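Quick notes on the structure that follows.
The values are calculated or read from the model by the stated rules, or taken from the named source; none is laboratory data. These numbers were taken from a predicted model, which means no experiment stands behind them. Here the Cβ is made from the backbone with ideal geometry for all residues, glycine too, and neighbour counts use every protein chain on show. Ligands, DNA and RNA are stripped out before the accessible areas are found, and what is left, the full protein with its side chains, is counted by its heavy atoms. Shrake-Rupley method; radii C 1.70, N 1.55, O 1.52, S 1.80 Å.
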Amino acid sequence: MKKIILSAILLSPLALMAQADFTLKGTAKSVANGNKIYLVFAENGQRLTDSAIVSNGAFEFKGKVTSPVMGNLFNNVNPYKKGSNTRNMDYTALYIEPGNIVLNSADSLKSSVTGGTPANVDNAKLNALLKPLSDQEKVVNEEYAKLTKEQKEDAAQMDVLIGKFNTIRDQKTPIYLKFIEENPKSFISLIQLNTLAGNDKAVGEVEKLYAVLSPELKSSKIGQGIPAAIEATKKTAIGVVAMDFTQNDPDGKPVKLSDFKGKYVLIDFWASWCGPCRQENPNVVEAYAKFKDKNFTILGVSLDGGNTKTTKEAWLKAVEDDKLTWTHVSDMQGWNNEVSKAWGIKGIPANFLIDPNGKIVAKDLRGNALQNKLAEVLDKKTK
């Protein structure tokens, strides 16, 4: 087995402590002898990969880790090796943590169940609670996979599928909250609480549950960041007056959000390196062309530069290539962009629609939903 440092883009979730041993023993009897299983996880800010050969349906990894981190196992494919065929990969996610981790699979890695250590036991427990909804999600995914290219470009048809996904997501939220309430010492509760801190519908309950989280989890790196995430969510909820900010445009000229007061403004968080952002840009361009003469504009905030290692030139080229003809700003600090941190941005694309009085009236509008919302507020205003 050979361990290779790949890159430093993931961070260990708990504060740096002494490393401890872990062992991962896997049983996957249907996986062919001689297949290579790749383990990928992050430790102390470095992404690591390891490999093991399957023998008689079994494989084993050993190593050291300071605290639970998310890892992935891949069957016969190293997805981080250039040129790897990642289509139809057989893989599974699990937690790498000190102790003896046990993985069992009746057939593929995808169907495996992991236990033996606290985070993996708790994660399996949560997954069992979520299974009815996860099964529904799988059906919707299969429905999407069967669509033709033309059907995927049909905004109305995609809106139906997105609606199904959103309904399932909303039904999962109370399950997560109940699990956290019943397991305040679980690392899995910490992870889910951190995710839910960005949900403005659940943020009040998240704040209550954070208060009863174990001191050890609160003092972790993730735990220390949750209060700020909660506050950012409160400050960017629908109905709240948007926080003003100033950032420079490509020419170094300061631009304020309040400069656009009196108009509807879409604050669009994106980046040149973000595939989903670039895929969404044609929808945003279409919306801008349709509504720019109806008291509407866009302010793009780019998360280029910094830890993403993209350049100002790459940002401006994406602006030109995608025909984004509205105002753009960035501090070129990547994920440490001052505005995105204040607004609690954890993933992009992300957007907020601000009304002429500076109030947030909608958020995370994608595809047809963006034009529908703009038609609702702008066409009504002009009648």
Members of the stretch 178-199 found to be within 21 Å of GLY347 (Cβ to Cβ) and surrounded by fewer than 19 Cβ atoms within 10 Å (Cβ to Cβ), listed by number | THR195, ASN199
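When the stretch 223-243 is examined, which residues are found to be among the hydrophobic types (A, V, I, L, M, F, W, C) and surrounded by fewer than 20 Cβ atoms within 10 Å (Cβ to Cβ)?
From the stretch 223-243, those among the hydrophobic types (A, V, I, L, M, F, W, C) are 226, 228-230, 232, 237-238, 240-243; that's our starting set.
Passing the criteria: ALA228, ALA237, ILE238, VAL240, VAL241, MET243.
Could you please give the count of residues in the stretch 245-259 that are touching a residue at least 60 places away in the same chain (Cβ under 8 Å) and not hydroxyl-bearing (Ser, Thr, Tyr)? Walk me through how you get there before you give the answer.
Initial filter on the stretch 245-259 (touching a residue at least 60 places away in the same chain (Cβ under 8 Å)): 245, 247-250, 255, 257-258.
Then keep just the ones that are not hydroxyl-bearing (Ser, Thr, Tyr); that gives 245, 247-250, 255, 257.
Within the stretch 245-259, residues that are touching a residue at least 60 places away in the same chain (Cβ under 8 Å) and not hydroxyl-bearing (Ser, Thr, Tyr) number 7.
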Mind listing whichever residues of the stretch 104-137 are under 22 Å from the mean Cα position of the chain (by Cα) and over 22 Å from PHE179 (Cα atoms)?
-> LYS110
Unmet criterion (only one of (1) within 22 Å of the chain's Cα centre (by Cα); (2) open to solvent by less than 20 Å² (accessible area, probe 1.4 Å)) for ILE101 | (1)
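Name the residues in the stretch 247-290 that are open to solvent by 70 Å² or more (accessible area, probe 1.4 Å) and assigned to a helix (DSSP H, G or I), would you? Can you show your working first?
Restricting attention to the stretch 247-290, the residues satisfying the condition of being open to solvent by 70 Å² or more (accessible area, probe 1.4 Å) are 251, 253-254, 256, 259, 261, 263, 273, 276, 278-279, 282, 286, 290.
Result: ASP259, PRO276, ARG278, GLN279, PRO282, GLU286, LYS290.
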SER55 passes all but one of the listed conditions (1) surrounded by 13 or more Cβ atoms within 10 Å (Cβ to Cβ); (2) of a type in the set (Ser, Thr, Tyr); (3) without any contact (Cβ under 8 Å) to a residue 60 or more places away in the chain; the exception is number (1)
Looking at the stretch 204-222, which of its residues are loosely packed, with under 13 Cβ neighbours inside 10 Å and either in contact with a Phe, Trp or Tyr (Cβ under 7 Å, 6 or more places away or on another chain) or not β-branched (Val, Ile, Thr) (or both)?
-> GLY204, LYS208, ALA211, PRO215, SER219
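What's the total number of residues in the stretch 159-174 that are open to solvent by 40 Å² or more (accessible area, probe 1.4 Å) and touching a helix residue (DSSP H, G or I) at 6+ places or on another chain (Cβ under 8 Å)? Break it down stepwise before answering.
Residues of the stretch 159-174 open to solvent by 40 Å² or more (accessible area, probe 1.4 Å): 159-160, 162, 164-167, 169-171, 174.
Narrowing the set further to residues that are touching a helix residue (DSSP H, G or I) at 6+ places or on another chain (Cβ under 8 Å) leaves 159, 162, 164-165, 171.
Total satisfying the criteria: 5.
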Filter the stretch 20-61 for residues that are of a type in the set (Gly, Ala, Ser), assigned to a strand (DSSP E or B) and out of contact with any helix residue (DSSP H, G or I) (no Cβ under 7 Å at 6 or more places or on another chain) and give the result.
-> ALA20, GLY26, ALA42, SER51, ALA52, SER55, ALA58
